[in-house]
Amino acid sequence: MRHRNGVKQLGRTHAHRKAMFGNMVTSLFRHERIVTTKEKGKELKRISERLITRAKRNMDIPDKEENRKLHNKRQVMKVIKDRDIIKKLFEDIAPRYKDRKGGYTRIYLLGKRAGDAAEMSIIELVDKRVVEKKAEAKDKEDRKEKKEKEKKEPKKEKKEKEPKEAKAKKNKE
């Protein structure tokens with residue numbers, strides 16, 4: 001019997017569950033919103049909120065006690081393997097929730113999935129920061145510059161194309 005065992009097994013072994021939730025938390029912190037099943041989402045919410053709380057606690061530790069700060073980072077690194085995401089968690093996400101006591105994520109229910117009728121949900125960070133991707137921003141700037149150049153420069157007349165028949169006659173001669 002599983003008395004007082006809080007984790008949902010979700011039909012997976014311990015190692016599979018641990019790896020799956022590590023990947024899901026990494027994706028959640030990277031994109032700040034993911035779509036998953038309702039049950040996985042509930043468990044993901046528990047895990048992600050614990051990690052955010054640990055990162056928040058790291059902000060209150062004075063710089064003199066580097067050992068405690070390092071310990072918190074290593075505890076988070078047990079779950080999240082991507083160093084860029086850990087940096088984002090400790091430097092961007094945790095300060096965002098400095099004044100918040102909990103409830104860093106929210107779940108929206110979407111309905112049933114078409115294939116197997118599993119209940120789907122969206123999980124997102126509450127104070128989601130909208131960041132425009134660099135590539136998209138660069139593309140927008142390039143388009144603006146191109147339009148400005150077109151307005152400044154007069155349009156060049158295009159040469160009229162010769163019909164294919166005329167070209168064929170020239171080639172025969």
Exception for GLU91 within (1) farther than 17 Å from GLU43 by Cβ; (2) surrounded by 11 or more Cβ atoms within 10 Å (Cβ to Cβ); (3) touching a residue at least 24 places away in the same chain (Cβ under 8 Å) falls at (3)
Have a look at LYS158, LYS147, LYS140 and point out the one that is part of a loop (DSSP other than H, G, I, E, B) and at pLDDT below 75.
LYS158
Among LYS78, LYS45, LYS40, LYS64, the single one that is among the charged types (D, E, K, R), surrounded by fewer than 11 Cβ atoms within 10 Å (Cβ to Cβ) and modelled with pLDDT of 95 or more is LYS78
State which residue pairs qualify: first residue within 18 Å of ILE123 (Cα to Cα) and inside the stretch 12-26, second residue part of a helix (DSSP H, G or I) and of a type outside the set (S, T, N, Q) in any location, beta carbons under 6 Å apart, and separation of 6 or more residues or different chains.
PHE21/ILE47; MET24/LEU44; VAL25/ILE47; THR26/ILE85
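The values are calculated or read from the model by the stated rules, or taken from the named source; none is laboratory data. Predicted model only: the values in this text are computed from it and were never measured. We place every Cβ from the backbone using ideal geometry, glycine too, and count neighbours over all the protein chains shown.
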